[in-house]
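Right, one structure below, let's go through it.
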Amino acid sequence: MRDAMFLFDPGTIKNVYIIPNFISEGYFTQTVIPRELELNGRVTKRASGRTWNYGKPVGNHSLMTELLVQRARDIAKGVPENETSLLIVAHGTDLNENSAVAAKREATKIRALGRYANVLNVYMEEFPLVSDWKVLTSTPNVVVVPFFISDGLHSYEDIPVLLGIADEESTSSPRRTGDEVFRRGPYQLDNRSLFYASSIGTDPRVADIIVEQAAAAARATDSGN
């Protein structure tokens with residue numbers, strides 16, 4: 001990451017915008033990225049005369065709420081929302097307490113819409129745990145949307161195991177693919193239907209969010225904030 005400081009011609013590039021492609025503020029956005037890029041705040045003036053503008057993470061954008069609701073609807077078409085619990089799943093970590101804030105914020109915003117019987121923020125590594133979904137919910141339908149930037153080990157393997165819709169694989173087993181995990185729903189467990197979506201960061205509109213976060217960083221710089 002630190003090599004990025006040498007990628008731009010100082011004679012032609014005067015402004016650089018850094019947009020963390022992360023779901024929330026946390027250890028990486030508050031500690032690692034500023035350290036590696038030698039940032040001293042939202043605006044960093046280099047000796048070369050270039051200005052580096054540090055924007056907000058992608059997951060902080062207000063459009064995320066709409067994306068999560070639409071993803072839930074797409075994965076469970078025709079399922080009555082008033083008979084459905086929506087779970088927003090994040091990682092959760094003790095490295096930075098802010099890592100869980102984004103999922104909690106989005107669950108609160110969606111809950112305020114009054115569409116679903118219940119909306120919960122749950123986590124892989126802190127309470128409330130996604131593995132406890134059976135006791136956290138009582139509706140006949142449960143929709144689970146991973147609040148991650150991309151599909152990978154967590155969404156393909158870890159969360160499905162925690163949900164009980166897949167067995168833990170041995171190191172010799174072939175790795176599951178998205179087709180095997182996301183397109184097999186609904187899963188029937190304890191006489192309930194569980195719908196499992198792909199990570200929210202795979203929505204193509206995330207590209208628009210990145211551009212908008214860069215524009216917001218530019219406006220903040222111009223206003224002096």
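Exactly one residue among T44, T29, T108, T65 is over 20 Å from the mean Cα position of the chain (by Cα) and of a type in the set (S, T, Y), and that residue is T44.
Test P57 against the criterion of being closer than 17 Å to M1 by Cα and either touching a strand residue (DSSP E or B) at 6+ places or on another chain (Cβ under 9 Å) or among the small types (G, A, S) (or both), and give yes or no. Before the answer, list the steps.
Details: closer than 17 Å to M1 by Cα: yes; either touching a strand residue (DSSP E or B) at 6+ places or on another chain (Cβ under 9 Å) or among the small types (G, A, S) (or both): no.
Taking the combined requirement at face value, the residue does not satisfy it.
Restricting the range 104-134 to residues that are of a type in the set (D, E, K, R) and part of a loop (DSSP other than H, G, I, E, B), the residue that is least open to solvent (accessible area, probe 1.4 Å) is E126. Of the residues making up the range 34-78, just one is assigned to a loop (DSSP other than H, G, I, E, B), open to solvent by less than 50 Å² (accessible area, probe 1.4 Å) and over 17 Å from Y17 (Cα atoms), namely A76.
Of all residue pairs spaced 6 or more apart or on separate chains, those with beta-carbon atoms under 9 Å, a first member in the range 50-64 that is farther than 16 Å from S150 by Cα and a second member that is open to solvent by 30 Å² or more (accessible area, probe 1.4 Å) and among the polar types (S, T, N, Q) are R50/N15; T51/N15; T51/T221; W52/N15; N53/N15; N53/T221. Of all residues in the range 187-209, those satisfying the criterion of being closer than 16 Å to E66 by Cβ and among the aliphatic types (A, V, I, L, M) are A197, I200, V206, A207, I209. Being β-branched (V, I, T) and part of a helix (DSSP H, G or I) is the requirement here; does T12 meet it? In short, no. Here the range 2-20 is the region considered, the condition is being in contact with a helix residue (DSSP H, G or I) (Cβ under 6 Å, 6 or more places away or on another chain) and open to solvent by 70 Å² or more (accessible area, probe 1.4 Å), and the residue that is nearest to L63 (Cα to Cα) is Y17.
Identify all residues within the range 79-95 that are at pLDDT 95 or above and either closer than 24 Å to T31 by Cα or open to solvent by 70 Å² or more (accessible area, probe 1.4 Å) (or both); write none if there are none.
The initial filter retains those residues of the range 79-95 that are at pLDDT 95 or above, namely 79-89.
If the condition is that a residue be at pLDDT 95 or above and either closer than 24 Å to T31 by Cα or open to solvent by 70 Å² or more (accessible area, probe 1.4 Å) (or both), then N82, E83, V89 are the ones that fit.
Within the range 125-136, residues that are more than 13 Å from V161 (Cα to Cα) have Cβ atoms under 9 Å from residues that are open to solvent by 60 Å² or more (accessible area, probe 1.4 Å) and acidic (D, E) in these pairs: E125/D94; E126/D94; K134/D190, counting only partners at least 6 apart in sequence or on another chain. Pairs linking a residue in the range 140-164 that is farther than 25 Å from P204 by Cβ to a residue that is among the acidic types (D, E) and assigned to a loop (DSSP other than H, G, I, E, B), with Cβ atoms under 9 Å and 6 or more positions apart or on different chains, are V161/D167; V161/E168; V161/E169.
Considering only residues that are in a helix (DSSP H, G or I) and not polar (S, T, N, Q), look in the range 21-33 and name the one that is most open to solvent (accessible area, probe 1.4 Å). Step through it out loud before you land on a result.
Kept after step one, since they are in a helix (DSSP H, G or I), are these residues of the range 21-33: 27-33.
Filter once more, keeping what is not polar (S, T, N, Q): 27-28, 32-33.
Working: Y27: 81, F28: 104, V32: 18, I33: 11 Å².
My answer is F28.
The values are calculated or read from the model by the stated rules, or taken from the named source; none is laboratory data. Remember, predicted model here, so these are calculated numbers, not experimental data. Cβ sites come from the backbone with ideal geometry, for glycine too, and all protein chains shown count toward neighbours. To get the accessible areas, we keep the full protein, side chains included, count just its heavy atoms, and leave off ligands, DNA and RNA. Shrake-Rupley method; radii C 1.70, N 1.55, O 1.52, S 1.80 Å.
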